[in-house]
Amino acid sequence: MYDLSEEDVKKVKQKFVLKTIPNIKKININLASASELAELIYINEYMAANIVDERVLREGYKSLDELKYVAHFPIEKLDRIKLYLTIN
């Protein structure tokens with residue numbers, strides 16, 4: 001786990017607790033409008049428009065990993081952005 005020793009993991013678990021699991025409403029990337037996508041963290045209006053444009057060209061996304069082909073998409077944040085999106 002991120003190259004932490006078992007002892008370090010135990011220490012972290014003692015100091016930090018997830019009290020409530022956040023309720024994340026996922027957005028279907030193949031149905032959402034640009035304005036809906038722009039409401040997500042990490043995605044601004046310009047990026048949302050690029051995502052929709054690419055969706056039209058591809059006739060829909062088959063995988064969230066295809067977002068890496070969107071112009072100016074922050075690939076380094078893809079794993080975090082995927083938490084808020086779905087295909088179905």
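A short reminder: the numbers here are calculations on the coordinates, not readings from a lab. Note that the structure is predicted; figures quoted are calculated from it, not measured. Heads up, the Cβs are rebuilt from the backbone with ideal geometry, glycines too, and the neighbour counts pull from every protein chain shown.
Result for the chain in a Gaussian network model with C-alpha springs under 10 Å: among Lys68, Lys26, Lys15, the largest mean-square fluctuation is at Lys15. Comparing Ile41, Ile51, Ile21 in a Gaussian network model of the chain (Cα springs below 10 Å), the most mobile by mean-square fluctuation is Ile21.
In the structure displayed, which of Lys15/Lys68; Lys10/Lys68; Lys26/Lys77 lie more than 27 Å apart, Cα to Cα? Flagged as over cut-off: Lys15/Lys68; Lys10/Lys68.
Which FRET efficiency, nearest 0.05, do Leu64 and Ile41 yield, Cβ-Cβ r, R0 22 Å? Calculated value: 0.90. The H on the amide N of Leu85, modeled in the peptide plane, is under 5 Å from the matching H of Ile27, each at least 5 residues off or on a different chain.
For the chain, the average shadow cast by the Cα convex hull is 7.4 nm², which is a quarter of the hull's surface.
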